[in-house]
Amino acid sequence: MMIARWHIQARFGLKQKAIEHLHKWEREIGAKAGIEVGRQRLITGSVGAREAELQMDLPIRDLAELEEIFAKIAKVPGHAEWGEKLEPLIVSGSSYWEVFRVIE
């Protein structure tokens with residue numbers, strides 16, 4: 001098992017709106033791409049981390065499953081529009097992915 005983690009930084013004063021928009025993605029975009037609602041975990045910076053940091057964790061089987069998810073998301077109507085609405089809420093260029101292996 002692996003965890004795909006998407007990082008973004010919310011703009012000052014817009015963190016709650018960014019969080020709401022990420023929850024909307026989970027319900028409307030992710031669900032249409034076959035990602036069960038609740039499968040993802042949204043976390044934010046607290047002590048010793050940037051307060052503006054938002055991370056979305058998605059458990060995946062392997063990198064092939066992540067590629068499948070990316071391909072499905074790209075075909076979901078409304079995904080590009082969702083991204084355009086997210087853009088003013090986050091710091092431009094702050095978005096990146098990491099993938100971790102889960103040790104059991």
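The values are calculated or read from the model by the stated rules, or taken from the named source; none is laboratory data. Please read these numbers as outputs of a predicted model, since none were measured by experiment. Neighbour counts run over all protein chains shown; Cβ positions are idealised from the backbone, glycine included. Side chains included, ligands, DNA and RNA excluded: accessible areas come from the protein's heavy atoms. Shrake-Rupley method; radii C 1.70, N 1.55, O 1.52, S 1.80 Å.
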Looking across segment 1-47 at residues that are at pLDDT below 95, of a type outside the set (A, V, I, L, M, F, W, C) and part of a loop (DSSP other than H, G, I, E, B), the single one that is surrounded by the fewest Cβ atoms within 10 Å (Cβ to Cβ) is G38
In segment 72-104, anything open to solvent by less than 80 Å² (accessible area, probe 1.4 Å), under 13 Å from M2 (Cα atoms) and assigned to a strand (DSSP E or B) is listed as E98, V99
**Prompt:** Residues in segment 53-62: is at least one over 22 Å from K17 (Cα atoms), open to solvent by 60 Å² or more (accessible area, probe 1.4 Å), at pLDDT 95 or above and among the hydrophobic types (A, V, I, L, M, F, W, C)?
**Reply:** no
Going through (1) farther than 19 Å from A18 by Cβ; (2) open to solvent by 90 Å² or more (accessible area, probe 1.4 Å); (3) aliphatic (A, V, I, L, M) one by one, I69 fails only at (2)
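Okay, residues lined up against (1) touching a Pro at 6+ places or on another chain (Cβ under 6 Å); (2) within 17 Å of A74 (Cβ to Cβ); (3) acidic (D, E); (4) touching a residue at least 60 places away in the same chain (Cβ under 8 Å):
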position: M2; (1), (2), (3), (4): no, no, no, yes
position: A10; (1), (2), (3), (4): no, no, no, yes
position: H21; (1), (2), (3), (4): no, no, no, yes
position: I29; (1), (2), (3), (4): no, yes, no, no
position: K32; (1), (2), (3), (4): no, yes, no, no
position: R39; (1), (2), (3), (4): no, no, no, no
position: I43; (1), (2), (3), (4): no, no, no, no
